[in-house]
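No value in this document is a laboratory result; all are computed from the given coordinates. Please read all numbers here as calculations on a predicted model, not as lab measurements. FYI the Cβ positions are ideal-geometry reconstructions off the backbone, even for glycines, and counts take in every protein chain you see.
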Amino acid sequence: MLLNIIKQEVKKIFMTHNDKVRYKKMILITLIIIFIIKLVIFSTVTAYQNINSSRGVWGQQEEEKVEEEPKYIKWVDFSLTLEVMEKTSKLDIESHINNEEVRLNWIELIAYLACKYGNNFASFKAQDLNDLVEKLRSGTTIEELAEGRKYFSYYLESYTAILGEFIGTYQIETINEEGERVWEERYGLKAFLPIARGYGFSHYDDFGNSRSYGYRRVHLGNDLMGSIGTPIIAVESGIVEAAGWNQYGGWRIGIRSFDGKRYYYYAHLKKDNPFIRDMYEGRVVVAGEVIGYLGMTGYSREENVNNINVPHLHFGMQLIFDESQKEGTNQIWIDVYPIINFLKRNRTEVHRPEGSNDYMRKFNFMEANIHD
Ligand SMILES: [Zn+2]
């Protein structure tokens, strides 16, 4: 109605000027202007909505999802050989003891070699290590050498989680020339073999073997066959997380390293006398101290039952980059067979003081990360 009146009026104005072409042109221009205005309004609203959605409720959820995306290491293959551990640790320790200008770090050497071999150390050649050390000693940094090596930081983090606390500074009691007990500061291997010095044992690489008892599962550790009662030694310092009975492990102790990355599992301990008297969950354990005694308990729901055929210590090492990996299906256990071989050079001397029921280390040990 109103539109018609306007049309009529406009027509009149233009008709009176007798210019139909001009009238048509005006209509066309008006339509174009309306179209442009609509387009501008639409794009402004859309842009505003986009800004809001990235800041608003939807946006928040998206951001939280990104944060929830786990960034920790999910899997580690441990194929390191005794030879590589021996050679790299020797370079590290000697460069520190001799106060060499360039201090070598065995974990960095290992991470670099892991890049070179795709983490398959069966390909190790001593010449590759020599070349690497030569470059480092001539002043090139490991960061410069590793540049462009895509997985260097992954290997560095993985091998730090496994071996990061094995070598460093520590204090140990020793007997001086006058026959007195004195503390000595040293740099070197500060992780210990889980079997006390002077006690025999045998083992082979049994990681991944199938098991006879219970559900289908593979062997996630190394069995050290020895005599019942052999003092069991803490490999590394940490906090006792489990000390008691477990259907599979029997009497067992679980110790978490101070950095939380390693969980050491000592199982099948001795019937009636599995642990030292002073053992409880939450206790601080010092590397190289006696924690319990070798036995053959386990494979039983009932407590304190010997159901293992051959007396042995089951020793396992679990890596934990995120607490979700501690229990359940995402566990990472590594083959500790080469680690056991490597630790044979560092065994705790023990004795049983008169009147004591327990064996104890002869020489006390301290390291910087131990605190009550
Ligand atoms: Zn075992």
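Among 336, 290, rank each residue by its count of other Cβ atoms within 10 Å, from fewest to most, as a rough exposure measure.
Going from least to most buried by this count: 290, 336.
Output wanted: per-residue J couplings in Hz (rounded whole) for segment 74-90, from phi through Karplus 6.51 cos²θ - 1.76 cosθ + 1.60, θ = phi - 60°, x for Gly and Pro.
Per residue, the Karplus-derived 3J(HN,Hα) values read 9, 8, 9, 9, 10, 10, 4, 9, 4, 4, 5, 5, 5, 5, 6, 5, 5 Hz.
Rank the residues 96, 351, 312, 268 as a footprinting-exposure proxy: fewest other Cβ atoms within 10 Å of their Cβ go first.
Ascending number of Cβ neighbours within 10 Å: 351, 96, 312, 268.
Under 5 Å between amide hydrogens, which residues at least 5 positions from residue 241 or on another chain qualify, with H placed 1.01 Å from N in the peptide plane?
254, 255, 256, 282
How compact is segment 131-171 by the rule of thumb for globular proteins, expressed as Cα Rg over 2.2 N^0.38 Å?
In units of the globular-protein estimate, segment 131-171 measures up at 1.42.
Whole angstrom only: what separates the Cα centroid of segment 293-314 from the Cα centroid of segment 188-213?
When both Cα centres are located, 16 Å separates them.
Sort 129, 80, 189 so that the residue with the fewest other Cβ atoms within 10 Å of its own Cβ comes first and the one with the most comes last.
Lowest count first: 189, 129, 80.
Roughly how many Å is it from the Cα centre of segment 229-267 to that of segment 326-360, as a whole number?
First find each Cα centre; the distance between them is then 8 Å.
In whole Hz, what ³J(HN,Hα) sequence does segment 150-161 give by Karplus (6.51, -1.76, 1.60; θ = phi - 60°), x for Gly and Pro?
Whole-Hz 3J(HN,Hα) from phi for segment 150-161: 4, 9, 4, 5, 5, 5, 4, 5, 5, 6, 5, 5.
For residue 233, which sequence-distant residues (separation of 5 or more, or a different chain) have an amide H within less than 5 Å of its own amide H, given hydrogens modelled in the peptide plane?
Under 5 Å from the amide H of residue 233: 195, 196, 291.
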